[in-house]
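Data first, discussion second: the structure below is written as structure tokens.
The values are calculated or read from the model by the stated rules, or taken from the named source; none is laboratory data. Model, not experiment: these values are computed from the prediction. We place every Cβ from the backbone using ideal geometry, glycine too, and count neighbours over all the protein chains shown. Surface accessibility is based on the protein's heavy atoms, side chains included, excluding ligands, DNA and RNA. Shrake-Rupley method; radii C 1.70, N 1.55, O 1.52, S 1.80 Å.
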Amino acid sequence: MIEKPKHHIKSVGREAWKRLKDLHDRQQRRRRLLTHEDNPILYTNINSEDVTLLIPISKKRLSGAIPKPKDAPEGDTEDTEDTNCSVFQLRESQFQRDLRIHPYTDTNVARCGGGKQRVQEVAEDIAIMPSDKESQETNPLNNNNTNGNGNGSAGGSGSGNGSTQSKPKIQPKYSIHRDVLTHELVIKETGYAARDKSIPSSLRSCWQSWNFFALFTGVIPILQWLPKYSLRRDLAGDVIAGFTVAIMNIPHGMAYGLLAGVSAGNGLYMAVFPVLVYLLLGTSKHISIGTFAVASMMTLKVVQTYATVDSTGSPLTAPTNVTMTGAPLLLANATAASLTPPVDVITNLEVVTSLALAVGIVNLLMAFLRLGTLASLLSDPLVNGFTTAAACHVVTAQLKDVLGIEVERYKGAFKIVYTLIDVVKSVPQTNLVNFGFCVGVIVFMVICNECLKPYLSKHCRLPLPAELIAVIGGTLISKCFDLYPQFDVKLVGVIPSGLPEPVLPRLDLVPKVALDSIAIAVVTYSIIMSMGLTFARKHGYEVRANQELFAMGIGNIVGGCFSCIPMACSLSRSVIQDQTGGVSQIASLVSASLVVVTLMWIGPFFSDLPRCVLAGVIIVALKPMFMQARELKKFSKQGKLEMFTWISTFLCVVLIDIDIGLLIGICISLLALYIKGLKPYSCLLGYMPESPGIYMDLNQHRNAMQVPETRIYRYSGSLNFATSLFFRRSLYEAVGLDKMPLSSPSPSRTAGNKSSYSPVSQNGGKANNGQLVEASDMFKILILDFSMLGHIDVAGCRTLSDLSKELKVRGARLLLASPVDRVYDTLVHSMALSEGPFEIFPTLHDCVEYANACRTA
């Protein structure tokens, strides 16, 4: 045990002494003789000459070639002969030589003991060794090494259940002996050539990479996966999933159609036409295209803004240019019609179809501009807070159907607050039959979802169709008890039989709804893309972002011609489609066929369905969206910016409006991203005394040692005009560049000045012109590790040039290590523009070795 000298209490820092003490103790533990009470094997020093490692390649015995070891016990002749051969001696000498070169390993090698035990260890070593077909990169040697079935490796089967994780007895090691290389030499030897960034070169490479057949099959993905479709393997699962999704699509389509401000039949059309288009053009195999609560709510907002007559044909607002006092006079004259300007009649369906067309055009423009990565701008806190707030809007819109009352419609900011105030004022006018019926549906749905469905899922593959049971039951009860004529319970209304005829939407409304269509296009695309990526990761296939935009654009345009609202996908239906065995969009084809059958012959049956039943179905279906609020705790742990993004998005969507709240949330999310980009990760690095060439963060690894008279600064992210100020500030703070003297004192190299001393501070600093300079702020070489630097511009290169000049004034040098090719190209380009010059090295260890050579020269 090393003791701390008393006369070094002031000269050595506490943290530095603690690191030195921990390093010494760890080295002593590695060299100490360990004795196990249960196992008589003696573990010796790894530098001992008696250490042997037996890895037999061939068990052929050479009779009389090798004498019996002196330390081998008696009666062990047969086992010794099995393991003693020239190959063993060669491997033993090689391993002992490697141990002398690399004295610090985690390998514990047993001394030559009993022959049987040695043979058992040899067998274990053979089992642990990788085969020729396996590589060290695919099977990392760590404690978490497992095989394909999740069990432990071959060496860890001693527990009986095969799940014990084992660590190999042989720790791999490597030794590299070469000259220190500069980056210029590496570039010359490897024949590196910078990429040609000219426009003709880009066009030429783009033309050469075109494959028209692959382009055609890429635009229509069904041509890629349909020839590989197996009827025997996949058809049964797709049929079952299609039936299940169709059962859910019928109540969901009617409910979300009414929520969007149109008829229930328009919601059912969503399960047919956009689904067939996505079957041909989509790349996801498991999502269920159709209606979605958030998309329907955003559509309702647009309908309430631009529609002038409701679904019954009655005007929503009176003309503002005609006063009530002047109306009798106009009616008395025969020229009233000529004096009164005609009112532009805009129905809800016309607004919806024009909106679908506009959303489709926006999707196609995004696909043409390759904006498939736009969904990445919608962070998880943003999407979570937005969908939770949108669920509040959906529930508020359903309260009038739950209570059976009439509520005035509001537009603009705080409309949800005004609606809630009117609902509270209208509570005394509640239709008790309507309210009781809705509460009964909600209780029935909750019991089915929370109790019956989990129980039946263990015994039956098909889920309980609770929504369809509620819809059919509500329709039968309404027909039997005449709820509308006797109790004034509002019904869904007439659902026309058959499919709609294609009609081109009103093109004059497209410019009016263009701004709202952008928000709906971004939200629906993010929902479809997130769900598609989720199932793609689960089942191991690719979802192409721009192709999804193209499929959505064509689907919305076709849907707009067939009286559909903007398309999206449902979380619950997609999960059910996957759980019931669906493997492709053939399940959506089966579902669409069943919905067509419903529209052709069964649709008029649901005309007597009470609206309160659909309101109850919607409210219960929104439970997962409200449960997302629990994610706020997770976001708060991730950071304050994530929590602020969630709260601000939620409040803005709830209090102001859906589209304005979404825009504010996107701005806050981008601002948070910008703030994080302005403060990238940076740290000072130190080396591991036991393993040269490995450099760790000094703030996190207390046993790492700092290179003498050298500072290694790692910077990640981008170095450009926006981050150069933070780079300079963090670098100055880390290395204390502003505290360095303008001229570093040159140390005396004469042999006769050993008795001369300079004043020192408590942590070993030296004096300069009578002022003490801390040792932690004195260095001769500054190394910038750019291995994690992704981009640098000319402004960043100018910052490095200024830093190099400032270091020269203070007697220090600047070295750059490990730049990627694109960063190196920019550095070379900046040196051609009179910046620099920069000393660049291919690896950090090359740079450190070069710095040590310069320091000791």
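The phi torsions of region 505-512, fed into the Karplus equation with coefficients 6.51, -1.76 and 1.60 and a -60° offset, translate into couplings of x, 5, 6, 6, 8, 4, x, 5 Hz, rounded to whole numbers, with Gly and Pro shown as x. Peptides 357-365, 724-732, ordered by how many other C-beta atoms sit within 10 Å of their residues on average, highest first, read 357-365, 724-732.
Between Leu223 and Val597, the modelled label-to-label distance comes to 3.3 nm, taking each label 7 Å out from Cα in the direction of the beta carbon. Scoring 410-418, 267-275, 599-607 by mean Cβ neighbours within 10 Å over their residues and listing the highest first yields 267-275, 599-607, 410-418.
Which percent of the accessible heavy-atom area of region 666-740 goes to carbon and sulfur, probe 1.4 angstrom?
Values: 2250 of 3810 Å².
Summing carbon and sulfur atoms, their accessible area is 59 percent of the total for region 666-740.
Phi angles across region 571-586 convert, under the Karplus curve 6.51 cos²θ - 1.76 cosθ + 1.60 with θ = phi - 60°, into 3J(HN,Hα) values of 5, 5, 5, 5, 5, 5, 4, 6, 5, 8, x, x, 10, 7, 6, 4 Hz, Gly and Pro given as x. Using the average count of surrounding beta-carbon atoms within 10 Å as a protection proxy, the listed peptides 252-258, 279-285 rank, highest first, as 252-258, 279-285.
Among the protein heavy atoms of region 389-521, carbon and sulfur supply 69% of the accessible surface, probe 1.4 Å, non-protein parts ignored.
Counted by Cβ distance under 14 Å from Ile250, the other residues give a net charge of 0, where Lys and Arg count +1 and Asp and Glu count -1. Projection of the Cα convex hull of region 350-485, averaged over all directions and equal to a quarter of that hull's surface, yields 13.6 nm².
Decide, for region 653-740, between rounded, prolate and oblate: order the square roots of the alpha carbon gyration tensor eigenvalues as a ≥ b ≥ c, take rounded if a/c falls under 1.5, and otherwise choose prolate if a/b is larger than b/c, else oblate. Verdict is prolate for region 653-740. Remark: region 241-256, residue by residue, has Karplus-estimated 3J(HN,Hα) of 5, x, 4, 5, 5, 5, 4, 7, 5, 5, x, 5, x, 5, 5, 6 Hz, where x stands for each Gly or Pro and the curve is 6.51 cos²θ - 1.76 cosθ + 1.60 at θ = phi - 60°. Do the alpha carbons of any pairs in Lys285/Lys538; Lys188/Lys805; Lys739/Lys808 sit beyond 20 Å of each other, and which pairs? Going by Cα-Cα distance, Lys188/Lys805 fall outside the 20 Å limit.
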